[in-house]
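Encoded as structure tokens, the structure appears first; notes follow it.
The values are calculated or read from the model by the stated rules, or taken from the named source; none is laboratory data. This is a predicted model, so every value here is computed, not measured. A quick note on method: Cβ atoms are made from the backbone with ideal geometry, for glycine too, and the neighbour counts reach across all protein chains shown. Just so you know, the surface numbers come from the protein's heavy atoms only, side chains and all, with ligands and any DNA or RNA stripped out. Shrake-Rupley method; radii C 1.70, N 1.55, O 1.52, S 1.80 Å.
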Amino acid sequence: QVQLVESGGGLVQAGGSLRLSCAASGGTLSRYTMGWFRQAPGKERGFVAAITSNFGVRYYAESVKGRFTISRDNAKNTVYLQMNSLNPEDTAGYYCAAGPINTRPLFESDYVTWGQGTQVTVSS
């Protein structure tokens, strides 16, 4: 079963950028629909972005559209989340997840494998 490891989180000032990486092992990433979710303190985990296994269709939460970009590098077996124009409301633990080809991209429950998460903190 594929295993996922996130990296790239950290502390950044408002207006700054970060790029999160999600590296996969034990499986071929291109076969999975990949998603990013985030959880802020005291809040439920929520959808951020996803890219499907077939055709690479991208989905974004309304709150990140135009600022975040999800991409995948199949040669590196890695998925990225480029985050620009960050604001304090983006502060959260960010998790990548993998799901089978029939995964509904926005549905957290459809994903079968999760990484351990990486913390993003945006200061004002």
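Applying the condition of being open to solvent by 40 Å² or more (accessible area, probe 1.4 Å) and not aromatic (F, W, Y) to segment 110-122 and asking which residue is nearest to A23 (Cα to Cα) yields Q116.
For A23, the requirement of being in contact (Cβ under 8 Å) with a residue 40 or more places away in the chain, more than 12 Å from the chain's Cα centre (by Cα) and more than 14 Å from L106 (Cα to Cα) is not met. Only strands (runs of 3 or more DSSP E) whose full extent lies in segment 1-109 are considered here, and the ones with at least 1 residues that are β-branched (V, I, T) and surrounded by 14 or more Cβ atoms within 10 Å (Cβ to Cβ) are 3-7, 10-13, 33-39, 46-51, 68-73, 78-83.
The set of residues in segment 110-122 being among the polar types (S, T, N, Q) and not in a loop (DSSP other than H, G, I, E, B) consists of T113, T118, Q119, T121.
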